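Please treat every number below as a calculation from the coordinates, not as lab data. Because the structure is predicted, anything quoted here is derived from the model rather than measured. Glycine gets a Cβ as well: all are built from the backbone with ideal geometry, and neighbour counts include every protein chain shown.
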Amino acid sequence: MTLTLKNPIIFFDVETTGINLLTDRIVEIALLKIFPNGKEEMKTYKINPEVPIPEKASSIHGIYDDDVKDCPTFKQIARQLANFMEGCDIGGFNSNKFDIPLLAEEFLRAEVDFDMRRRKFVDVQNIFHKMEQRNLSAAYKFYCGKELEGAHNAANDTQATYEILKAQIEKYETLQNDVDFLSEFSSFHKNADFMGRIIYNENKEEIFNFGKYKGEKVTDVLEKDPGYYSWIMNGDFSLYTKKIMTEIRLRKVLF
């Protein structure tokens, strides 16, 4: 089948130094761009993370320090990646919780202004978990009848994710072949930041999703407890969360 697309969509997967969104780095990224006419274009980059790759991570994805020592850093290819992704919706497997927040952090560290909030996000894992609840290899076997060879290879995982989504649409009559629908269906919350620290309520207002002010509007908290902003800005929060907090604070001041 062919995905029904208004815009191109990019399925991507990353291999990393670990799973800490604040401190770990990308060592490989694969991007599969699907155009509305069905054309496909794949790009894969190995990246020098500028920090040692832990043995535990290397044992999973097979990428070691020597493999990336002469590769470009993320900052060196960030603009190229942003240009390739410009105007595209974004799909992945567990991408809403991990790949997209991590990619957003890398772009901010590289000082490349790539606003992903204008995109539609399709998280194939969330669709899978709502329907069947298994991992990527099991999803590939279940939906496509294939064994996933070379799991934790970014390109293989990316290709499998795209094939799984198409098979999901064919299998479930309730799934619409429409990226707007799939983006909505594969999201558990409407996040204002990618970490889910700040989400939108039913009135499309930003509210905190953690801590002592969970469920309260960010603007209300900034009004009654101005120091909370400084606590977040100086705390162990992602750069993107801090960026959203600053935007809300500035909006409050200006308007």
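Taking 0.36 nm per intervening residue step and subtracting the Cα-Cα distance, what contour gain separates residue 19 from residue 41 on full extension?
Values: separation 22, 0.36 × 22 = 7.92 nm, distance 2.77 nm.
The residue 19-residue 41 span can extend by a further 5.2 nm.
Identify all lysines with a Cα-Cα distance to residue 214 below 24 Å; exclude those on the same chain that are fewer than 8 residues away in sequence.
Excluding near neighbours in sequence, the set is 97, 190, 204, 224, 242, 243, 252.
DSSP loop (so not H, G, I, E, B), at most 10 other Cβ within 10 Å: list which GluC sites (Glu not before Pro) in the stretch 152-251 pass both filters.
Values: sites: 163, 170, 173, 184, 202, 205, 206, 216, 223, 247; in loops: 173, 202, 205, 216.
Loop-located and lightly packed - 173, 202.
Quick check on the exposure proxy: order 131, 1, 233, 195 from fewest to most C-beta atoms within 10 angstrom. Working shown, then result.
Values: 131 16, 1 8, 233 13, 195 20.
By the 10 Å Cβ count, ascending, the order reads 1, 233, 131, 195.
Over the stretch 9-185, calculate the relative contact order: mean separation of alpha carbon pairs under 8 Å at least 6 apart, over the residue count, as a percent. Present the calculation step by step, with values, prior to reporting the outcome.
Values: 266 pairs, mean separation 41.6, N = 177.
Here the relative contact order equals 23 percent.
Can you tell me, using C-alpha contacts under 8 Å and at least 6 residues apart, the relative contact order of the stretch 198-254 as a whole percent?
Values: 40 pairs, mean separation 12.4, N = 57.
Relative contact order here is 22 percent.
How many nm separate the modelled label positions at residue 200 and residue 170, each set 7 Å beyond the Cα in the direction of the Cβ?
3.3
For each of 122, 68, count neighbouring Cβ atoms within 10 Å of the residue's Cβ, then give the residues from fewest to most. Provide the component values of the computation, followed by the final result.
On the way: 122 27, 68 18.
Lowest to highest Cβ neighbour count: 68, 122.
Which helices, counted as full DSSP H runs in the chain, have an axial Cα extent of no less than 20 Å and a Kyte-Doolittle average of 1.0 or above? Please list the in-between numbers first.
Values: long enough: 154-171 (25 Å, -0.64); 239-254 (22 Å, -0.03).
Within the chain not a single helix satisfies the rule.
How far apart, in nm, are the 7 Å Cα→Cβ label points at residue 233 and residue 214?
2.6
Among the trypsin sites (Lys or Arg not before Pro) within the stretch 160-255, which fall in a DSSP loop and have no more than 11 other Cβ atoms within 10 Å of their own Cβ?
The qualifying sites are 204, 214.
Based on the Cα coordinates of the stretch 198-254, what is the per residue volume of their convex hull in Å³? Walk me through the intermediate numbers first.
On the way: hull volume 4.6 nm³, N = 57.
Given the Cα convex hull of the stretch 198-254, per-residue volume reads 80 Å³.
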